[in-house]
Every structure is written in C-alpha cells, then in structure tokens.
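Student: Can you keep this structure in mind? I'll have questions shortly.
The values are calculated or read from the model by the stated rules, or taken from the named source; none is laboratory data. Bear in mind that the values here come from a model prediction, so they are computed numbers and not experimental data. Because the Cβ atoms are built from the backbone with ideal geometry, glycine has one as well, and the counts that use them run over all protein chains shown.
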C-alpha cells in the first residue's frame, strides 16, 4: 500500500470515528461527514490518474453532487432540531429512549 | 308316541304358561292378573315341568331346541337355542316348586301392599329370566337371562324405595354385579374370537384352555354369586321384602354364577390354575361369610350370610372338578334356604316387623308350625344325616377330604362347616327357646293356609329331596368309595363339635355378663372391615387419580406449561431479551456503527 492510500484511509477512518464519537454538537458530526466526503473525493480523483483510464474521471463530480445533497439534508436536520429544541445538542435525539 | 316331541313341547309350554300373566292383560282389558292367578300359573307350570323331568329320568333323553338364528355377521352364528339336558330339566321343577311356594307365601306377606300385583309381576318376570338363563345353550341367551335377573334384583331390592338403605343396597347390588359382568363379556369376546362360537356344546378344546377366559368366568361368578371380593351386596340385599330374599338371594339368582361355571365346565377341565383359584376363592368365601354370620343379630342377615357361605361351598365343589355335585347342592340348598327365609318372614310379620333375634324368644309354643319348619331347615343346612343337605354337603366334604388338592382349602371349609353349625344353633336357640323377649302385644298369627302350606311343602322337600335326587340320578363322576373312618366322619364330627360349642356358649351368655370387645368379635361384627375399607379407598383413589389426570396433567401441564401458554411464555421471554437492545440512545447506535465499520475494515485485510 502506498503512502497515498494510507493518507486516504486514515483520513476516512479518523473522520468516521469522529462522526461516531462526537460529544455535544450535531454540527461537529456534520463536519466529520464533510471530511469523509473530502477524502473520498480525493481518492476517487486519484484513481483514474493512477490507472490511466479516462472513464472514471466523471465519478468525483457525481460524488460531489450527492454529497452536496446530503450536506444540505444534514443542515436542514440541524435547523429543524434547533427550531424544536432550541439547540443542536445531541441528547435531543434520544427521543426513542424508553 | 314320540317322547322327544312330548319333551320339547312340554318344556316350551312351561315357559309359555309363565308368560301368560304378562301377555294376556295386554291383549284384553278384562283379563287382569291378580296375585292368585299368578300363583296358580306358577303351580300349573310346575306340574307341567314335572313331565319332562320324568321323561329324562326314565330314559335319559336330552334335547336341543333351536328357535331362530340371528344372522348378524356372516361367519359368526348366534342361534337362539335352548338346551334341555340334565341340569335344565332337573332345575326347572325345583325352581318352579320353590317359586310357587314363595308366591303363595307372598300373597299373605305382601297383602297390605297397594301394588301387590306389580310385585308379583316383577317376581314372575324374574322367574322367566332365570329360567331363560338355565335353559340357554348359547352364551348370548344366557347373557340375556343374566342381565334380566340383575335388573329384576335391582327393582325388587328397592321395592320399598322410600327407604334410603334400600336404595343404597340396590345400587350396591347393581354395581357389584356389573363388575362381574365384565368378566362374562371378556369370556364371550375371547370365545367369539378364538372358537368362533358361543354355543355351550362346542366349548371343548383338546389342549389346555388359556387362563384368561376362565378368569373372566370366575370373575362373573364372583360378582353374581357373591364370592369374597364382590360379596357386600348380598347381606345388603336383605333390605328387600322377604319373598324377594327367598326367591332371588337364596335359591335362584345367586346360583346363576355357579350355574355358569357348571355349564362351561369342559373349559375348566384341564386347567388346574383356574380350578385351584375356584377352590381357594370358594374356601375363603365360605369361611368369611360363616365368620360374619356368627355375630349377626338380624335374622335375615344370618340367613343371608349362610347363603353366602353355601355359595362358597359350591365354588369349592367346582374347584374339585365336580360340577354335578355342585348342581346337586344347588338343588337341595334351594329347598331349605327358601324355607328358612319364609319362616323368618312369618316370624317377622308375627312380631310386627321385629328382625332382631335378641328380641325374640320362646316362639316355639306361639308359632309351632313356623318354628318346626325353622328347625327342619336348620338341621338340613347343617347336614344332619339323611335330610336333604346331608346328601350333597357330606359328599362335597368327602370329596374334599379324599382329594390330593389344597389342604388349606380343606381346613377352611371344615372350619366353616363348624361355624355353620354354631350360628345355626345360636339362631335356633335365641329365636325359639328360652324366655320370651318380645313385647307382650304382637299380632301373632300363623293360621293362614297361605303361610302353613308353603312351609310344610318346602319342609317335605327339604327332607326328601336329597334322597330322591340321589336315588334317581346316576352320577357322571365316580364318587370316592373308600376312605378311612375318620375322614368319613369328618363332616359330622365338626358339625357336632359346633353344636356342642354353640349350646355351651349360649348357656354361658344367659348366666354371665357380656364380655368386652375383642379384636376377633370386632372383626366378625363389622363384616371383616371390608365395607368401609373398600368402599372409601376405592372411590377415593379413583377420584384423585381422575383429578390428577384431568386437572393437573392435562389442564395445568399440557395446556399451560407445554402447550399454547408455554409457547407464548417462550416468545415473550425472547422478545424481552431482544428489546433490551432498543434503548433509543443515539450514541449507542452510532457506537455500534463505528464498531461494525472497524471490524469490516480489519477483516478485509
């Protein structure tokens, strides 16, 4: 495995761990989600360069589109939870707790 | 003329004559039956039945009448056939003679009963079913007669059905008889499946019969003839009127079980297990009944236990492989036992319903005919030489003593013989002799010819029947001819011993104070503790067993634990354990997400 792959993987893993183990604010989770998206973008962009094929060159742009939607959804959830609960603290999502 | 035609016709005429008081009132309104007409019918029937018996004694002619065949299944024939052999031809006149005397007596005894005609119809119906049983060649016809006598016994015992004890006694009779019926049905089923016939003359087999059908027959005889184990109904049956006790429970119905064993005797011939069982059961019954009779105070109960004891003796004779001797004892026993019951009936009515012998005494001067007949009957019962009972009873004891069978059975029978003498003498002494212990004003009257003529007729029968039967009938099995003098005199010796002992003890009881209770006398008085033990224990066990099955096994275990509810419990436990994971905490969900991602990433390398 080259150093490049290591950097993608470690960036992705660290961001996903950050998504899982965030403490208080939802926005920090969303930021981790963005960094996951970033590492995936760079990985997807490096792949046609390394294998010298031109067809997958389209993929990063597609991924960007979907991640924009996803970021927008995440922000909408943040705004909705702020509107109902007054803040974006994570313990607001424990609604299903019995 | 053709004697066989005469035989067959007159036997059928006998039975038809008995049916007329039942059928004729149905045909016309003017022909009502009355007790007198029924008595005369039975008398006519008796006189007619003498002719076939004479023909048989003269020429040894036997006959088989087949009336109809019930084609029920193709392979299995059930012909409705009547067997006119020695047993049925001889028993018919005896049964009819005894019934005639009892019916004539019942005209006086039940004179104050408003339903006397119904009583006589019941007795007549019983007589007809008994005769069907006797004359049956087929176990099916015999079963019809068997059930018929059982039902009539039930109806007649509970004649005074306002009395609770009478109803209980009738129920006891039916239940114990039913237990015996199971044995008869078992035997019939075995015969139908193995020998494909229910005919009595087809019942021989060259090799040893298996014990199972014989056990069924012995069970049937135990139920019907009140052997030990199914015996309590016979003393309880004394709740019925005295003519009922005289006809059913002394002469005719209770010998039906023994008669069944006599009829099916070829099956028993080569099975020593069944014969030994009969022997020991009979010996036990005779001793037990004689022991219970020693301390009874009701005159009818003493005679009932004496009947039970004699039935045990008949069972012993069957066990000795001597059916003809057992039949002989049945015939002679009918005479004196019926007479004893009629005498007791006369005494009871004369003392206005008093049945306790402790309240009778000195009746010899007040009721001379009755007490003379009582004495004759008791002497015949004890086996006094050359009266009726002697010929059969002495021969039985001789056969028992000279056989190589069970010595224990012999001992018990001899003991029972001496007990017979003891309780008989006790009854005679307390009833007839001594001081008068009855209340002073009693309606004492035996001048009615309806009382005296039956008693004297039966007394004549008790004296001469044994002699007549042995003179005219040749035995089929050779009786023991030679034996040591002491063996020959055994029966008389134990009887004499019993008489002396009884006289001694009754003299003692009139001069000394009453002795305290002892375990022996308690055993005798409470009829061997059999009734309370068996009646409670048996039904308690049955009911608790039933509750265990129905309630605890089926309802609680299978329906609750293992069945639907158990399944439901299992599911709820599983789902309770599963839903504990659904906490609703988002951190837990995200933590498990991270864990799974990590594991996947690790495992892909």
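Student: Residue A:9 fails exactly one of the following numbered conditions: (1) free of Cβ contacts under 8 Å to residues at least 12 places away in the same chain; (2) within 13 Å of another protein chain (Cβ to nearest Cβ); (3) within 20 Å of the chain's Cα centre (by Cα); (4) loosely packed, with under 14 Cβ neighbours inside 10 Å. What is the number of that condition?
Tutor: Unmet for residue A:9, out of (1) free of Cβ contacts under 8 Å to residues at least 12 places away in the same chain; (2) within 13 Å of another protein chain (Cβ to nearest Cβ); (3) within 20 Å of the chain's Cα centre (by Cα); (4) loosely packed, with under 14 Cβ neighbours inside 10 Å: (4).
Student: Residues in the range B:20-28: is at least one buried (at least 16 other Cβ atoms within 10 Å of the Cβ) and touching a residue at least 40 places away in the same chain (Cβ under 8 Å)?
Tutor: Yes: one or more hits.
Student: Ok, one more. Could you please find all residues in the range B:92-138 being in contact with a strand residue (DSSP E or B) (Cβ under 8 Å, 6 or more places away or on another chain) and in a helix (DSSP H, G or I)? It would help to see each step written out before you state the result.
Tutor: Within the range B:92-138, the subset in contact with a strand residue (DSSP E or B) (Cβ under 8 Å, 6 or more places away or on another chain) is B:135-138.
Answer for the range B:92-138, where residues must be in contact with a strand residue (DSSP E or B) (Cβ under 8 Å, 6 or more places away or on another chain) and in a helix (DSSP H, G or I): just B:135.
Student: Quickly run through the range B:248-284 and pick out the residues that are closer than 14 Å to residue B:307 by Cα and under 12 Å from the mean Cα position of the chain (by Cα).
Tutor: B:248, B:249, B:250, B:251, B:252, B:253, B:254, B:255, B:256, B:257, B:258
Student: Which of the residues belonging to the range B:269-283 are in a helix (DSSP H, G or I) and surrounded by fewer than 22 Cβ atoms within 10 Å (Cβ to Cβ)? Spell out the reasoning first.
Tutor: Within the range B:269-283, the subset in a helix (DSSP H, G or I) is B:272-283.
Of everything in the range B:269-283, those that are in a helix (DSSP H, G or I) and surrounded by fewer than 22 Cβ atoms within 10 Å (Cβ to Cβ) turn out to be B:272, B:273, B:275, B:276, B:277, B:280.
Student: Has the range A:32-48 got at least one residue that is without any contact (Cβ under 8 Å) to a residue 24 or more places away in the chain, within 13 Å of chain B (Cβ to nearest Cβ), touching a helix residue (DSSP H, G or I) at 6+ places or on another chain (Cβ under 6 Å) and crowded, with 16+ Cβ neighbours inside 10 Å?
Tutor: Yes, the range A:32-48 contains at least one residue that is without any contact (Cβ under 8 Å) to a residue 24 or more places away in the chain, within 13 Å of chain B (Cβ to nearest Cβ), touching a helix residue (DSSP H, G or I) at 6+ places or on another chain (Cβ under 6 Å) and crowded, with 16+ Cβ neighbours inside 10 Å.
Student: Something else about it: Would you check if residue B:146 is within 26 Å of residue B:305 (Cβ to Cβ), in a helix (DSSP H, G or I) and in contact with a helix residue (DSSP H, G or I) (Cβ under 7 Å, 6 or more places away or on another chain)?
Tutor: So residue B:146 passes the test.
Student: A further question on this structure: Being away from chain B (no Cβ under 12 Å) and either modelled with pLDDT of 95 or more or under 11 Å from the mean Cα position of the chain (by Cα) (or both) is the filter here; which residues of the range A:12-31 pass it?
Tutor: Filtering the range A:12-31 for residues away from chain B (no Cβ under 12 Å) gives A:25, A:27-28, A:30-31.
Correct list: A:28, A:30, A:31.
Student: Any residue at all in the range A:52-72 that's at pLDDT below 90 and either more than 14 Å from chain B (Cβ to nearest Cβ) or on the phi < 0 side of the Ramachandran plot (or both)? Break it down into steps so the answer makes sense when it comes.
Tutor: Initially, the range A:52-72 is screened for residues at pLDDT below 90, giving A:54.
Now narrow it down to the ones that are either more than 14 Å from chain B (Cβ to nearest Cβ) or on the phi < 0 side of the Ramachandran plot (or both): A:54.
Yes, because at least one residue in the range A:52-72 is at pLDDT below 90 and either more than 14 Å from chain B (Cβ to nearest Cβ) or on the phi < 0 side of the Ramachandran plot (or both).
Student: Between B:416, B:388, B:407, which is closer than 22 Å to residue B:479 by Cβ, out of contact with any strand residue (DSSP E or B) (no Cβ under 9 Å at 6 or more places or on another chain) and free of Cβ contacts under 8 Å to residues at least 24 places away in the same chain?
Tutor: Values: B:416 fails: free of Cβ contacts under 8 Å to residues at least 24 places away in the same chain; B:388 fails: free of Cβ contacts under 8 Å to residues at least 24 places away in the same chain.
Step by step, each of B:416, B:388, B:407 is checked, and only B:407 is closer than 22 Å to residue B:479 by Cβ, out of contact with any strand residue (DSSP E or B) (no Cβ under 9 Å at 6 or more places or on another chain) and free of Cβ contacts under 8 Å to residues at least 24 places away in the same chain.
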